[in-house]
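I have placed the structure first, in the form of structure tokens, so that the comments after it can refer back to it.
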Ligand code: FA5
């Protein structure tokens, strides 16, 4: 800042010349007009309105002027600064309005768009059905048991009284697991859930009541009534004094819980090496209740007009199996029952083709609801 000077001529002070002040003002106005956004405007504001801006420096020169020159110079600089302030405020308002309009467009949320474009998933009907069956037995005091899907041949066949050359081995076409060095490893993909009978008997002391749901494998082709990977539920009860009557009553309870009251069941002789005697258990058709038999006027698709639906295989546990599992057959007896979940789901929901259950198409699963 210049020192006070009594003979000071304001015209001689370069920074306070009218054309200089006008130039400073015009440069500021041009800089504000050229600022394309609020950041650029902030920079222009610092350059033209800040403490080190030309107009601020010129303003400081006024203090050093003689009194007679101060008023005029002060008015000139003041008007220029006023014009600069006004132009800055106007440009700021303009740029803020532009920004607000742009943000409204860019960050707009369309509240009318559907919010659930990724539909919620649900568990497969096979899983929920299997759990429903499990619950029926758990409510009767049964315990849920599990076993491995890759199983020793001994558990899958030998301990269940399938001798090495027993023709029944061929009834359950088996996937054998090959090892890195030799093909015969004595390991198979379990062909049924019955090996869990043996595991449970070896693990626990009788009395025992177990229900075992699980996945099993057979070399069957995929068609309308077969799949190479399917599910079974196995039931095993070992106690003192159990008879076929207990077996029939237990399965009857399950059939009624699943299909409705008043349905008859019947046992047909069958053969399984691990039960003696063995039977296939049929349930009266829950759709026609036998009314379609011999009645061409009223055919029934569910039971093919036979009046009965086969539920699965069952029987009294063969004493040889009890011995293999370390249980005294003189003291204990037991019954077992095993059935296919896919087949039962087909009967219960009139599914015509088992392939629908494995293909994962939501058009099949959706009507079963969204139980999770
Ligand atoms: C057995 O597997 C015996 N373990 C059942 C058993 C348990 C008998 C306890 C006695 C005591 P089976 O081979 O019949 O039995 O098969 C049982 C059920 O599995 C059949 O009734 C059928 O519902 C189902 N099943 C068999 N093969 C297939 C397949 N390829 N696809 C879908 N379900 C099948």
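General observations
- Filter pass, residue 157 being touching a residue at least 60 places away in the same chain (Cβ under 8 Å) and in contact with a helix residue (DSSP H, G or I) (Cβ under 7 Å, 6 or more places away or on another chain): no
- Test: residue in the range 320-336 that is assigned by TED's automatic domain parsing to the domain that holds residue 245, assigned to a strand (DSSP E or B), more than 21 Å from residue 136 (Cα to Cα) and more than 38 Å from the chain's Cα centre (by Cα): yes
- From the options 273, 277, residue that is surrounded by fewer than 16 Cβ atoms within 10 Å (Cβ to Cβ) and over 38 Å from the mean Cα position of the chain (by Cα): 277
- Test: residue 342 is touching a residue at least 40 places away in the same chain (Cβ under 8 Å), within 13 Å of the ligand (Cβ to nearest atom) and under 29 Å from residue 294 (Cα atoms): yes
- Summed over the range 127-154, the residues that are touching a helix residue (DSSP H, G or I) at 6+ places or on another chain (Cβ under 6 Å) and in a helix (DSSP H, G or I) give a count of 3.
- Members of the range 290-302 that are in contact (Cβ under 8 Å) with a residue 40 or more places away in the chain and crowded, with 16+ Cβ neighbours inside 10 Å: 302
- Filter result for the condition that a residue is at pLDDT 90 or above and either within 13 Å of the ligand (Cβ to nearest atom) or in contact with a strand residue (DSSP E or B) (Cβ under 8 Å, 6 or more places away or on another chain) (or both), over 317, 293: 317
- Every pair of residues 6+ apart whose Cβ atoms lie under 6 Å, when the first sits in the range 199-219 and is more than 15 Å from the ligand (Cβ to nearest atom) while the second is modelled with pLDDT under 95: 202/325
- For the criterion of being free of Cβ contacts under 8 Å to residues at least 60 places away in the same chain and within 30 Å of residue 238 (Cβ to Cβ), residue 135 passes.
The values are calculated or read from the model by the stated rules, or taken from the named source; none is laboratory data. As the structure is a prediction and not an experimental result, all values here were calculated from the model. Positions of Cβ are generated from backbone atoms using ideal geometry, with glycine treated the same way; all protein chains shown enter the neighbour counts.
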